[in-house]
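The structure appears right after this line, and notes come after that.
Only the coordinates and a few stated rules stand behind these numbers; no lab work does. Quick caveat, the model's predicted, so the values are computed rather than measured. Every residue, glycine among them, receives a Cβ derived from its backbone with ideal geometry; neighbour counts consider all protein chains shown.
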Amino acid sequence: MAGSVTSPPSGTPSPAPGGSRLEPPTPDDPRSPVSGSNDNKAMRPRSQSDPAEHDKKPVLATPPSGQNSKDGNKLLSRRYTSSTDEFRSPRRLHDESDLADERPLHHVTLMVIAMEKKVMAKPMQRLILLSLSASLGGRFVSTCCHRYPLSKVQDYVKLRSPFLLNDLATQHLLLDRQSVYEILEENGIPSPPHMVLRRSAGDVVVEREDAIEINGKVMPKPFVMKPLDAENHNIYVYFSQHDGGGAQHLFRKKKDKASAFLPDCNTIPEEGDFIFEQFLPTGGTDIKVYTVGPNYAHAEGRKAPVVDGKVLRDANGKEVRCPILLTTFEKDIARRVTQAFKQNVCGFDLLRTSDNKSFVCDVNGWSFVKRSPHYYVDCARILREMILSAISPLLLNKSYPVPSVDYTSDSTDLLALQSPQQPLRRDAPELRCVIAVIRHSDRTPKEKLKMNVTHVELLEVFKRWSPEGMSATKEVKLKSRKHLQDVLRRVQNLLRWDQRLSDEEKSNLKQIEHVLTRWPISGINRKVQFKPTSYVHTRTGKPIINKAQLIVKWGGEVTPMGLDQAQKAGVQFRETMYPSSDQDNGLLRLHSTYRHDLKLYSSDEGRVQMTAAAFAKGLLQLDGEITPILVSLVRKDNAVNALLDDTKPARAQMDEVKKKVHGTLLADQSWPEVAAKIAPLSAMSYSQRKALRKLDNPHKAMTRLYNLVVDFVTSLGDRIEQDPNVRAYQGEPLVLLRRRWEKLRDEFFDTAKQKFVVSKIPDIHDSIKYHLQHNAHFGIDQSSEILTLSQHLANVVVPQEYGVTNEEKLGIGYAIGEDLMRKIVHDLRVSAGQDAQHDVFQHEVSHRLNSGDSFIKVRSPNRHVRTRLYFTSESHIHALVNVLRCGDYGLFSAGPTRKYSYSDLVEGQSKDDQAGATANGDGDADRDEDYRSRAASDLASRWQPRLQANTDVPLVSSPEAWLSAKAYICKLEELGYLTHIVCRLFERHDMDGSDPARFFVEWALSPGLRSVEDSEASAATNHDVELAPLRILHTGMTLEQVERFFQSLPSRVTTPTVSESA
């Protein structure tokens, strides 16, 4: 749209009596203002002495037949008039010297020329009414849309030289996206990294698998493809194969849809001119900014259509948007946009990225807010000042009554959401922050195949795809589609033509072929590695590979059931961790009104990323596919991966501990002897000692497990031969299913060294759980006993690999999770409004509600909840749990608790029983362990506080409460899929700001999905597995104590304290 204002010349027509319609003026009509004729008496201005004309309401001049646009809207020309007693005949001002002689206008004329849909819209009608009440000089408004006669409007402007609110010449530039970006760059306005493809100008485009190259410049996926024609709203977001591939098609809103996911759309159109932008993560929020002059900007946020394509609408069908605050830099961007495009009244799209940078990605002409009374009043006031300053400055000091305007007719949706503001309950703790560290969901077993290759056909893969300049001795990893397709083609050629292959080579190559053809090829599921093992040197000394180890990895991806579990876990998390959804401040309400700052972080493992996206889908009640949610909401860059997937700092210490644990389990010893070496802490290692007691002799248990696996493989083979049509979960080829178990059988016992490989016990346990959960219908008799034995062995092996003593558990846990723990403390301090510095995550983007805008009212406009969800794998879960239970828990209570220890408490609970046992001569290790077990069990069950509601008074904390929580942790047999550790920060407004107790922290833990039993798996047709509820660990720890606890860890690691067994 464009706007213009002019003093009505002599001969301007007065409205027809009675509000009748006038014939539309045209440039060729002698009565038309465009014609420049001033002698038509019917068009002269009303005189001051004409009382009949004086108080008439605005009259509309409508053409009998409008010009149709593509969507059928008619082009309307409407004239509005207003008069006052003080108005006199106008005179156009040519320069500032005429200001002193200016006489007030007798009346004003406002002409609106636009598409019918725009003119008749209630927001436009309200803005016009407010503008008239402010005594605007005749204003001319035009829309720039399909088939709009912009040239005719420019002819009029050239003839009459009115005051223009928006420059008409720039309107042409707004129709070309390339021109828009060029203007942005020329004026120093940040825009997304982009490339332009004009095939008509001879541009050359090369499309790669996960990137596009235009004239030598490369842009990786994800990227956004927009037609250069700004009137074409068919926009596509292309995703990389690593994220799942496909594209999201964005289009003009149709009912409740604004986009659709196209899983098979991976290539750009072969024709057409486009602009390609780098996709910028914005946390799933789009910002629409509306300006009125260079010094006024109103911003509204909405859910980005790329997230799930669902348009949030109210009861009246209006899209739900909320006013949000702009930063100082963004306000300056708004000023520069209005000046660069010479559009006082305009709108533009702003992208606020995860690293707190802002970019302009689209600029529109005349745009205004649809449902903000506050904006209407501000807009009318600013327009009045702008127009009268140019036409009649003497009228600036006059004030006129503002008419009553009904704002509720199309704003019922927001009013329905509104609740009267209530005074803050100062005695009620307010939720400020929610932090969770979450393990991934159910996955397929991780598998690996290794084979030595000397075949030229396969060695060529290494040579072809080695990065330029890389040494021939370095390993090459291949994950992209083109890489894996090349490997598949060469494997198939060898199987077809090479007659020299051994039976083992044929078997391995056939398995690789099955792996690469099982799913559509994508690096998210599979990976191929080449490790050079032998070389020959050329005369120049250059090494050339002649033998390599080929490693193929697959599996470990989240199952469909796992995605469903993660989504349900997100729903449960929302209903448990936040005020209930039926309250005005439930999570969805907080999030939709931009009072919830949500960030999701994931390691770069595919199963972890997919879990995060599915969890977000349930948490925020999203629709649509996982890939767009993953790309839009989940952060997974290198900085995040360092937080959630780096175990290198603890690798050396873990290797030493593993060596000790594995060596002890391989010895033919009874469980008390084994426990004394790898589970010496009777209380801290409660669940491990319990498992060892059930195994009795771990070495004999491994022998029994091996024999069971051998029988399982035989029974599985017989089952497949009896029914070759039996279907495995997700259509897994039966040859791969059988080969997986054969591989576990062969690798569990090293025939060359005649000993068991303890590291394969977790793999056997994962595989049997997966089998019972998804393939129980095979009916293999050995399944139940394999599950039981592998469960007990894994309950010893897995947790003890992260440390045997307190000092080892604490040292390894701190080495793995140091960066994550620092980030947690940073999140808590920021939420409490305290100074917090972080090298990497200092400036995280946040969208905040602008509570000063009157069209959106909430009960608690200043409430703001910060949520940080960290998705990771098993190692970081064990690390954080060990730190919590082995750290300096004396800091966790209000009073001095150094005299308390967990062992002392357990001893105190059972010493009377032990004394009686000793008096009766029964003091063996088994009986002693039973007493300790019962004491720990009683202690853990005595104190079970409920989760804090948002209005609860914090429970009184005590050393006994925390030690009870430690007992609960030590009783856990397994930290399963979707285990999550939660930390919540509350604020008490009835306490002084300097009081450390004003902010207190609640810790909670859920061990995730419950263990699968054979009978349950056989009976469960829908594969439902219950998620263990959260258990409170501590409720009254002040923020200051949390900081001291984590700050004390380095000294605890470097200077080990006396162990509990002492």
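Summing Lys and Arg as +1 and Asp and Glu as -1 over all other residues whose Cβ lies under 15 Å from the Cβ of VAL536 gives a net charge of +4.
In this label model, GLN1047 and ALA260 are separated by 5.8 nm, measuring between points 7 Å along each Cα→Cβ vector.
Here the Karplus relation 6.51 cos²θ - 1.76 cosθ + 1.60, evaluated at θ = phi - 60°, turns the backbone of segment 635-652 into coupling constants of 8, 8, 7, 5, 5, 5, 4, 5, 6, 10, 9, 9, 10, 4, x, 9, 4, 4 Hz, with x for every Gly and Pro. Other residues within the sphere of radius under 14 Å centred on the Cβ of ILE626, judged by their own Cβ, net out at -3 (K and R +1, D and E -1). Distances between placed amide hydrogens fall under 5 Å for ARG432 paired with LEU985, PHE986, GLU987, all partners being 5 or more residues away or on another chain. The shape of segment 177-372 comes out oblate: with a ≥ b ≥ c from the C-alpha gyration tensor, a/c is at least 1.5 while a/b does not beat b/c. Amide H to amide H, with H built 1.01 Å from N, LEU262 comes under 5 Å of ALA247, GLN248, HIS249, counting only residues 5 or more places away or on other chains.
For GLY833, neighbours were defined as the other residues whose beta-carbon sits under 12 Å from its Cβ, and their charges (Lys and Arg +1, Asp and Glu -1) total +2. Between the amide H of PHE871 and those of ILE438, TYR601, SER602, SER603, distances stay under 5 Å, these residues lying 5 or more places away or on another chain, with hydrogens modeled in the peptide plane. Magnitude of the charge dipole for segment 429-523, about its Cα centre and with charges confined to Cβ atoms of Lys, Arg (+1) and Asp, Glu (-1), is about 200 debye. Taking Cα centre as origin and charging only the Cβ of basic (Lys, Arg, +1) and acidic (Asp, Glu, -1) residues, the dipole magnitude of segment 590-701 rounds to 460 debye. Restricting segment 471-518 to GluC sites (Glu not before Pro) that sit in a DSSP loop and have at most 16 other Cβ atoms within 10 Å of their own Cβ leaves GLU475.
Would you list which lysines come within 16 Å of LYS531, measuring only between C-alpha atoms, while excluding same-chain residues fewer than 8 positions from it? Candidates past the 8-residue exclusion: LYS448, LYS450, LYS463, LYS474, LYS477, LYS479, LYS547, LYS553. Among the trypsin sites (Lys or Arg not before Pro) within segment 537-612, those in coil by DSSP and having at most 14 neighbouring Cβ atoms inside 10 Å are ARG539.
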